[in-house]
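Quick note: the coordinates plus some simple rules give every number you see, no bench work behind them. Predicted, not measured: the structure shown is a model, and the values here were computed from it. Quick reminder, even Gly has a Cβ in these numbers, built from the backbone with ideal geometry, and neighbours come from all protein chains shown.
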Amino acid sequence: MRVLLDEDVPEQVLHVLRHVLRGHEVDHIHSIKWSGKKDLYVFQDAMGRFDVIVTNNYKQFDDPDETSRIKKSGLHHVSYRQRQTGLKGLALAVGAIVASMPQIMEELERANGQRLVAIQGIDPSKRFKIIDPRREPPKYWPR
């Protein structure tokens, strides 16, 4: 399948997705020289050239014209929300996209029609646990 990363998707994701989505073609709007192109025209021009679009613009479905163009394009639409800003937001967005896209692509390969996918964000408060071995030494910690 051919995947297009929208302008609002961090470019840093491109090379990682190319690695984890072997057997699929992955491009970014910037790399195909479509930067600044309005979404309505992106969907129109992507028809037949791409199968999947990944975007941070989850509000596209609030606009009837964009929703109609998405439907007409036949593209699988994968969206995600980036709730945090800055480098933390970038890290969470990249992590969520990279972690979910291999499974999403497996599902889309089996799909018999257009699909709309919403990537669930990563909760930064539940991603790790820190232990102070002086206060709570784990069983494996030498004494």
Original post:
Between ASP62 and GLN114, how many nm apart are label points set 7 Å from Cα along the C-beta direction?
Top reply: 2.1 nm
**OP:** Give the long-range amide H neighbours of VAL117: residues separated by 5 or more places, or on another chain, with amide H under 5 Å away, using H modelled in the peptide plane at 1.01 Å from N.
**Re:** HIS77, VAL78, SER79
**OP:** Would you mind pulling out the separation of the Cα centroids of segment 21-45 and segment 56-127, in Å?
**Re:** 15 Å
**OP:** May I ask you to work out the translational diffusion coefficient for segment 86-126 at 25 °C, viscosity 0.890 mPa s, via Stokes-Einstein with Rh from the Kirkwood sum over Cα pairs, reported in whole µm²/s?
**Re:** 213 µm²/s
Subject >> Inter-site label distance for TRP141 and ASP8 at 7 Å from Cα along Cβ, in nm >> reply: 4.4 nm
Subject >> Rg to Rh quotient for the chain, alpha carbon positions, Kirkwood Rh >> reply: 1.11
Original post:
Want the number for LYS37 to MET1: 0.36 nm per residue separation, take away the alpha-carbon distance, what's left?
Top reply: 10.7 nm
Original post:
If you stretched the chain out fully between ASP123 and MET47, how much longer would it get, using 0.36 nm times the residue separation minus the C-alpha to C-alpha distance?
Top reply: 24.0 nm
